[in-house]
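Notes follow once the structure below has been shown.
The values are calculated or read from the model by the stated rules, or taken from the named source; none is laboratory data. It should be emphasised that the depicted structure is a prediction, and the values quoted were computed from it without experimental measurement. Please note: Cβ atoms are built from the backbone with ideal geometry, for glycine as well, and neighbour counts cover all protein chains shown.
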């Protein structure tokens, strides 16, 4: 295995993150001129940037001339290390700030634990949005921006990875652009670079559009930027404890709903739009199923909660009118299916049938090639089609009828991959919940089960004691580390991380 | 499709069941000479037998000369109808008895509802063991015998079906004796007849052995017979409300544990034993995994409940000594993994981790070719092996490494069948639980979820309000009919029943 190039690239990653940290340090310094809360944040970000630069150079310089020949195994190792090491660096500003901050605010005590800082950083980069911080409203704005920024970077990273570089790792069907690994013996393929650049432009333009829309709807530039970063990345970190409900504006909520849905759709389709292939986009099976699912579940939940008393995450309880019920249902359905994890309503108190539907959506998740997590709509569809085929096979064992999705045949390998992934998610969920039950004697089943699926599917909030108005801070450190592992497994679609535990992977 | 032969065979089935009913009527008549409780039971059984004979002749006589040419579709239709129509006839004695019984005992009011009677009969013939009857101790003995007898007949039926007649329908691997459908154009194949006869002898001998063992351990002949019928069939109907705990004898409990485990093992292996192929039996992967799973889970649960206060189903609460903890853990583990459903301890009150393990075992179930339900150990194993293979495929997409179970290669079709079945069970469970949540506004998630898996896997008792000391009587009639469907789907391994809803199945 070409270890040298892998280490070199990790060095490049650390240097890139260090430069973002340095920019955030500058931003914190400017804020600090007027805001006493920011007194120590420039130092925290600068120190983190220095650590990143030092580590980056240490990894890069010795191997700067390493041959850029990587194959599938190197690519997978690089992907896994990117998220694991990147999160370590991204956690440093939290830790340094908690160490040096003079005032005793709640978040400070929480972030004094390195495990909490790492949890927050992993949750950010994997776009999960599970948080251990309460008291967001009293936090320095530079730290809040960094939280949102980690999600934005993580979201962009996962799209580039699954659409441009390693599509076969992420998508069940091979309808995307480029072939395996995206690299040749002479380096990264030109078409991969092109696609990656296009994705980066689309992602930035959509973010900018959302910032402007939120500003017009009444948010400050700062809140608009943070929420745009967290919406399109389907992350879910907010700048307020009450999440999106804190702004009390239906307009803002509908804008967030729209951009969450855009973030949960396949970014490969946006590339098609740019290339004027409108018909291909309209005919996309996964997109239709995804939008249909959001619409149907919104309608059912709205019907269930209309005229009942619902509590917003800001703490106001009121009987929901028809419009409010539709908005609350649409927001929660979109935030869960796109695996964002913002909240406007404490859905933990909703009727059982609404909660069950939301938990089901947590498993399904968004589209392949999006920033969303979960099993993915297309895989669920392939699995359902395969099961229907199996019914016919029961009485006609010799008839082979290929499964088609949007006209193209799903071959046996893709079908087996989709089924394996579906089962692997279920097994991982069972094991994760079991471990959590063992580690936390006082936990209930709903909390344990939804904590694992919410972390795996990159949703964030679950039910019970990890619900929309709760945090993950009360869990023990071993549980938090376990959930970090679950978040990484979910983000890298299980197999990309599990390979590291295979002996054959390391053999030449 | 050869409908004539299907109808003829249903006629044969009804006539056979009618003769068993007539024998039970004679037994009730003899009991009635001394037992006032039996005053109306001979009439109830005789009336049911008459209905069966009438229906049977009506179906048989017009088609008695139908050609015995059946293919796979006819066989599947026959299988589905056997259980659906058989349960209807088996429910009649309950209904007639409730109609005519002069004394007002609790069970009588419950059995006045035809839906309750059908639920009890389906639960019997599918060897589920979910009951709607409370007050078993005050019921006529002939009715209790009939309940146990339906399980014994249902257990024998499923073994003959999945081992001798349609092995490919039930087992994921093709290591059993005979080829597809077991019939040729000239009738049932001779080797199928031979295997079926051998199975019937083995099943009867094992039952006789258990009756004698239970009698020696202190049960009456009547209780011993009923419990032997329900143990080997992994059914779980008892003659007492307190189930096996009512006899308060560790010896009896260990005997039942042993025979439940025997019932949950592949009956094809007993045929091998009879043919002196000991080595094949010892090397059987599924048997080893099955026994290992029971041993490991027993050890874990015993460690969890030792020295805690446990409540027996007879209502006594006491701190469990090491021996009592092992016995209680072994009994519950065996009763759940073999999908029998007897109970000695109210495991609903056990720690969450013990309950979670038991629910997991409900999904897994016993061995293929046994009277047990569930996904089956061998399928779970194949699925796990396939997932491990998929990890390697992630970094070596072109390497094909066949999955082996006990030396023989599992081909793609068998692997896909196992994975499809696994996923179908999960989906069915989700849909079933969802429907139950809709039908029963007051139900909790643990009750709904475990009711569906307990019915599907032919276990019987679940958790919460369908726990070991509860019944299914409180559910609404639509819920009970839905659960009847779940029991039939679970017993016939989903696809054998779902085919009836496929349009292609009915086309020629």
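Condition check ((1) modelled with pLDDT under 95; (2) over 30 Å from residue B:508 (Cα atoms)) across all residues:
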site	(1), (2)
B:1	yes, no
B:5	yes, no
B:14	no, no
B:22	no, yes
B:50	no, yes
B:69	yes, no
B:91	no, yes
B:107	yes, yes
B:118	no, yes
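No other residue among A:460, A:467 is touching a helix residue (DSSP H, G or I) at 6+ places or on another chain (Cβ under 7 Å), more than 11 Å from chain B (Cβ to nearest Cβ) and over 27 Å from residue A:86 (Cβ atoms) apart from A:467. Of all residues in the stretch B:440-471, those satisfying the criterion of being at pLDDT below 95 and either under 16 Å from residue B:115 (Cβ atoms) or touching a strand residue (DSSP E or B) at 6+ places or on another chain (Cβ under 6 Å) (or both) are B:440, B:471. For residue B:422, indicate whether it is within 16 Å of residue B:490 (Cα to Cα), within 13 Å of another protein chain (Cβ to nearest Cβ) and surrounded by fewer than 20 Cβ atoms within 10 Å (Cβ to Cβ). No: the conditions fail for residue B:422. Out of A:338, A:311, A:344, one residue alone is away from chain B (no Cβ under 13 Å) and free of Cβ contacts under 8 Å to residues at least 40 places away in the same chain. It is A:311.
For the stretch A:228-298, the helices (runs of 4 or more DSSP H) that sit wholly inside it and include 1 or more residues that are within 20 Å of the chain's Cα centre (by Cα) are A:250-263, A:267-274. Remark: residue A:454 matches the filter, which requires a residue to be more than 14 Å from every other protein chain (Cβ to nearest Cβ), part of a helix (DSSP H, G or I) and touching a helix residue (DSSP H, G or I) at 6+ places or on another chain (Cβ under 7 Å).
For the stretch A:2-24, the condition holds for at least one residue, the condition being that it is outside any helix (DSSP H, G or I) and closer than 30 Å to residue A:494 by Cβ.
Considered as a group, the residues in the stretch B:456-474 that are surrounded by 24 or more Cβ atoms within 10 Å (Cβ to Cβ) and over 21 Å from residue B:331 (Cβ atoms) include one that is farthest from the chain's Cα centre (by Cα), and that residue is B:472. Read through the list (1) under 25 Å from residue B:338 (Cα atoms); (2) surrounded by 18 or more Cβ atoms within 10 Å (Cβ to Cβ); (3) more than 14 Å from every other protein chain (Cβ to nearest Cβ), then give the number of the only condition that residue B:446 fails. Of the numbered conditions (1) under 25 Å from residue B:338 (Cα atoms); (2) surrounded by 18 or more Cβ atoms within 10 Å (Cβ to Cβ); (3) more than 14 Å from every other protein chain (Cβ to nearest Cβ), the odd one out for residue B:446 is (3).
Among the helices (runs of 4 or more DSSP H) confined to the stretch B:320-402, the ones with at least 1 residues that are in contact with a strand residue (DSSP E or B) (Cβ under 9 Å, 6 or more places away or on another chain) and under 29 Å from residue A:496 (Cα atoms) are located at B:377-395. Taken residue by residue, the stretch A:25-36 has at least one member that is buried (at least 21 other Cβ atoms within 10 Å of the Cβ) and part of a helix (DSSP H, G or I).
Candidates B:503, B:410: the one that is at pLDDT below 90 and away from every other protein chain (no Cβ under 11 Å) is B:410.
The rows are residues; the columns are (1) within 12 Å of another protein chain (Cβ to nearest Cβ); (2) within 28 Å of residue A:411 (Cα to Cα).
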position: B:365; (1), (2): no, no
position: B:370; (1), (2): no, no
position: B:375; (1), (2): yes, yes
position: B:383; (1), (2): yes, yes
position: B:392; (1), (2): yes, yes
position: B:396; (1), (2): yes, yes
position: B:400; (1), (2): yes, yes
position: B:403; (1), (2): yes, yes
position: B:436; (1), (2): yes, no
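Restricting attention to the stretch A:371-400, the residues that are in contact (Cβ under 8 Å) with a residue 12 or more places away in the chain, closer than 26 Å to residue B:78 by Cα and in contact with a helix residue (DSSP H, G or I) (Cβ under 6 Å, 6 or more places away or on another chain) total 1.
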